[in-house]
Amino acid sequence: VNVMQLLRYLLAIVLPPVAIFFTYGFSFTLIVSIALTLLGWVPGMIHAVWAISKHQEKLNESAT
């Protein structure tokens with residue numbers, strides 16, 4: 001686990017849409033993250049952690 005991954009997960013807990021933006025850029029995932037965070041911090045946080053982990057899985061899968 002590198003420092004950038006840790007920062008993304010920390011941001012996913014503190015500011016979920018910011019973490020999604022740094023990971024995916026402006027995308028549908030960001031819009032979903034903003035909507036969930038507006039509904040409540042916990043749904044936004046769960047979505048951000050999940051989306052970042054899925055993104056990381058895809059990067060690891062393509063590296064092999």
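The values are calculated or read from the model by the stated rules, or taken from the named source; none is laboratory data. Model, not experiment: these values are computed from the prediction. Ligands, DNA and RNA are stripped out before the accessible areas are found, and what is left, the full protein with its side chains, is counted by its heavy atoms. Shrake-Rupley method; radii C 1.70, N 1.55, O 1.52, S 1.80 Å.
Quote the relative contact order of the chain in percent (integer), defining contacts as alpha-carbon pairs under 8 Å separated by 6+ residues.
Details: 57 pairs, mean separation 19.8, N = 64.
Worked out over the chain, it gives 31 percent.
Accessible surface computed residue by residue for the chain, with neighbouring protein chains in place and a 1.4 Å probe, gives 68 Å² per residue. Split the accessible area of segment 16-63 by element, probe 1.4 Å, and carbon with sulfur accounts for 74%.
Between Ala19, Ala48, Ala35, the GNM of the chain built on Cα springs shorter than 10 angstrom shows Ala35 fluctuating the most. Of the labelled figures (1) 26, 24, 19; (2) 38, 22, 16; (3) 35, 20, 18, only one reflects Cα extents along the principal axes in Å as derived from the coordinates, namely (2).
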